[in-house]
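The values are calculated or read from the model by the stated rules, or taken from the named source; none is laboratory data. Given the structure is predicted, the values throughout are model-derived calculations rather than measurements. When we count neighbours, we look across all protein chains shown, and the Cβ atoms used for this are built from the backbone with ideal geometry, even at glycine. Only protein heavy atoms, including side chains, enter the accessible area calculation; ligands, DNA and RNA are left aside. Shrake-Rupley method; radii C 1.70, N 1.55, O 1.52, S 1.80 Å.
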Amino acid sequence: MKFATRLIHGSHAIDPVTGALSIPIHQTSTFAQESVDHFGKYDYARSGNPTREALEEAIADLEGGSRAFAFGSGMAAISSALMLFSPGDHLVVCEDVYGGAFRVLTRLFGQWGLKVTFVDATSLQAIEAAITPATRGIYLESPSNPLLKITDLKGAAAIAKRHGLLTLVDSTFMTPYLQRPLELGCDIVLHSGTKFLNGHSDVVCGFAVVQDADLAARIGFVQNAFGAILGPQDCWLTLRGLRTLKVRMEESQRSAIKIAAWLASHPRVTRVYYPGLESHPGYAVHAAQASGPGAVLSFELESYELTKGLLEGIDLAAFAVSLGGVESILSYPAKMSHAAMPASERASRGISDTLVRLSVGLEDADDLIADLGRLIGA
Ligand SMILES: *Cc1c(COP(=O)(O)O)cnc(C)c1O
């Protein structure tokens with residue numbers, strides 16, 4: 001079955017007891033057992049809950065994986081996946097990485113003995129050159145946050161295979177509707193489900209998805225042992241949001257393409273970062289590995305005054321942290337998603353004080369353009 005059909009039927013677990021078209025929210029911490037010798041499928045809700053299981057099965061199916069694991073946030077998913085490594089292990093990480101991932105790598109896992117080298121992952125040579133005898137994994141985002149840099153995921157996964165490394169990809173901006181890294185040879189797909197997967201700005205959640213059975217067992221062990229699971233209410237809300245993933249992504253992406261073109265021709269916009277623009281350096285690589293450019297773009301304005309005026313004056317987008325909701329969200333990476341990164345690191349990565357990130361929601365694209373035009377000039 002095609003993605004759209006699986007999206008509806010896979011995220012549509014029917015209650016086996018009543019036939020209800022929506023899986024119940026199993027709001028329980030534990031499950032009664034009948035026999036001392038034989039426990040049922042569910043025993044304690046950290047280890048398993050039918051509502052969470054329905055969501056995990058839907059996400060695994062959409063990513064083309066064998067197992068998915070739901071966590072209490074994208075950072076919990078990322079951190080739990082990083083638990084697969086040991087003190088002294090080394091990771092090669094894309095330099096343009098989500099601020100929270102940078103923070104957990106450098107300040108938490110760093111303190112605990114994980115070594116990291118940040119590289120410009122738009123270059124496969126740079127990735128390979130950073131590999132040392134202690135390297136155990138490559139951690140990527142494509143498109144990256146906030147500069148929408150593109151990594152050749154198939155190429156990176158091939159390098160990883162040659163060196164016996166795991167490839168981890170944070171695919172939050174794409175969702176499995178637009179890009180499926182497991183099919184490109186990557187090992188672990190990570191998501192902040194808070195964003196497009198849930199899509200309604202009302203849940204914080206995260207996922208790790210794998211194909212390999214041994215890797216699934218290892219992440220399953222971490223999920224249960226470390227325990228950063230997603231609760232049943234949030235699993236249910238995410239299942240509900242997931243059903244409209246295709247129509248939301250399609251509509252938001254259509255608007256994003258229009259807005260990116262408008263921004264690219266605007267005299268006071270000095271740069272637009274969007275893999276849907278042919279001028280984007282990663283355009284061809286992205287087009288080969290994803291079926292669309294997505295609904296997040298970043299741009300730079302000619303002055304700080306104009307940037308501040310836009311962020312504070314915008315009506316039709318929330319000036320907020322986050323992305324991927326039904327409402328457009330305008331954010332300021334320097335003080336939001338990448339505030340956890342020291343100013344010098346931000347500057348060296350090109351995250352300037354006039355950089356704005358726009359997540360395009362479901363408003364009419366012309367209304368959004370008019371609102372932007374009101375603040376930066378038509
Ligand atoms: C938001 C985000 C995260 C973190 O997810 P949370 O759900 O906020 O913990 C990780 N990666 C990317 C690309 C994100 O946008």
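Rank PHE39, PHE71, PHE31 by mean-square fluctuation in a GNM of the chain with C-alpha springs under 10 angstrom and give only the top-ranked residue.
Taking springs between Cα atoms under 10 Å, the residue moving most is PHE39.
When only DSSP loop residues count, what chymotrypsin sites (Phe, Trp or Tyr not before Pro) in the stretch 275-378 have their Cβ near at most 10 other Cβ atoms within 10 Å? Numbers along the way, then the final one.
Values: sites: TYR283, PHE299, TYR304, PHE319; in loops: none.
Sparse-neighbourhood loop chymotrypsin sites (Phe, Trp or Tyr not before Pro): none present.
Show the residues, 5+ positions off or on another chain, whose built amide H is closer than 5 Å to the amide H of THR135.
HIS90
For the stretch 86-188, what is the accessible area per residue in Å², given a 1.4 Å probe and the full set of protein chains?
Computed with neighbouring chains in place, this is 35 Å² per residue.
Mind checking the per residue accessible area of the stretch 245-376 for me, 1.4 Å probe, whole number of Å²?
41
Which residues among the stretch 84-109 fall inside the zone where the amide N is under 12 Å from a point 7 Å beyond the Cα of THR132, along Cα→Cβ?
In the stretch 84-109, the label zone of THR132 (backbone N under 12 Å from the point 7 Å along Cα→Cβ) covers 88-92.
Mind putting a number on the dipole of the stretch 3-242 about its Cα centre? Charges go on the C-beta only, +1 for Lys and Arg and -1 for Asp and Glu, and I need it in Debye to the nearest 20.
On the way: 17 positive and 23 negative charges, 74 e Å.
Computed about the Cα centre, the dipole is about 360 debye.
With all protein chains present, calculate the accessible area of THR194 using a 1.4 Å probe and round the result to the nearest 10 Å².
20
If contacts are Cα pairs under 8 angstrom and at least 6 residues apart, what is the relative contact order of the chain in percent?
Contact order relative to length: 17 percent.
Could you give the distance between the Cα centres of the stretch 195-268 and the stretch 329-378, to the whole Å?
Spelled out, the Cα-based centre of one part sits 20 Å from the other.
222 nm [θ] for the chain, helices only, -39500 (n - 2.57) per DSSP H run of 4+, per residue, to 500? Walk me through the intermediate numbers first.
Details: 14 runs with 138 residues, N = 378.
Dividing the helical sum by the residues of the chain leaves -10500 deg cm²/dmol.
Springs between alpha-carbon atoms under 10 Å, Gaussian network over the chain: tell me which of ASP367, ASP37, ASP15 tops the mean-square fluctuations.
Top of the fluctuation ranking is ASP37.
Please name which of GLY19, GLY137, GLY309 has its Cα lying farthest along the dipole of the chain towards the positive end, using unit charges on Cβ (Lys, Arg +1; Asp, Glu -1) and the Cα centre as origin.
Positive-most Cα among the choices belongs to GLY137.
Any idea how far apart GLN125 and ALA225 come out in nm if each label point goes 7 Å out from Cα toward Cβ?
4.1
Can you pick out the pairs among LYS246/LYS308; LYS154/LYS258; LYS154/LYS335; LYS308/LYS335; LYS149/LYS308 whose Cα atoms lie more than 23 Å from each other?
Values: LYS246/LYS308 33 Å; LYS154/LYS258 29 Å; LYS154/LYS335 33 Å; LYS308/LYS335 12 Å; LYS149/LYS308 25 Å.
Violating the 23 Å Cα-Cα cut-off are LYS246/LYS308; LYS154/LYS258; LYS154/LYS335; LYS149/LYS308.
Subtracting the Cα-Cα distance from 0.36 nm times the residue separation, let me have the gained length for THR30 to ALA370 in nm, one decimal.
Numbers: separation 340, 0.36 × 340 = 122.40 nm, distance 5.29 nm.
Extra length available between THR30 and ALA370 comes to 117.1 nm.
Which shape class applies to the chain: rounded if a/c is under 1.5, otherwise prolate when a/b exceeds b/c and oblate if not, where a ≥ b ≥ c are the square roots of the Cα gyration tensor eigenvalues? Walk me through the numbers before you get to the answer.
On the way: a/c = 1.89, a/b = 1.31, b/c = 1.44.
Here the chain falls in the oblate category.
Testing the spin-label approximation: label points 7 Å from Cα along Cα→Cβ at ALA287 and SER348. State their distance in nm.
Output for this residue pair reads 3.4 nm.
Express the relative contact order of the stretch 245-376 as a whole percentage, based on alpha carbon pairs under 8 Å and six or more residues apart in sequence.
About 28 percent, as a whole number.
For the stretch 152-172 and the stretch 31-47, what is the separation of their Cα centres, given in Å?
38
Got a number for carbon plus sulfur as a percent of the chain's accessible area, 1.4 Å probe? Before the final figure, lay out each step's value.
On the way: 8490 of 15490 Å².
Of the solvent-accessible surface of the chain, carbon and sulfur hold 55 percent.
Just the number please: accessible area per residue for the stretch 4-76, 1.4 Å probe, all protein chains included, in Å².
For the stretch 4-76, the per-residue accessible area is 53 Å².
Would you mind working out the magnitude of the charge dipole of the stretch 232-323 relative to its Cα centre, with +1 at each Lys and Arg C-beta and -1 at each Asp and Glu C-beta, to the nearest 20 Debye?
340
Using a 1.4 Å probe on the protein heavy atoms only, what accessible surface does LYS115 show? Give it in Å² to the nearest 10.
110
Using a 1.4 Å probe and ignoring any ligands, DNA or RNA, find the accessible area of LEU330 and quote it in Å² to the nearest 10.
Rounded to the nearest 10, that gives 0 Å².
Could you give the dipole magnitude of the stretch 245-376 about its Cα centre, charging the beta-carbon of Lys and Arg +1 and that of Asp and Glu -1, in debye to the nearest 20? All intermediate terms of the calculation are to be shown ahead of the outcome.
Values: 12 positive and 16 negative charges, 84 e Å.
Rounded to the nearest 20 debye, it is 400 debye.
So what are the ³J(HN,Hα) numbers for the stretch 337-347, from phi and the Karplus equation (6.51, -1.76, 1.60; θ = phi - 60°), rounded to whole Hz, Gly and Pro as x?
Couplings: 4, 10, 5, 6, 9, x, 3, 5, 5, 4, 4 Hz.
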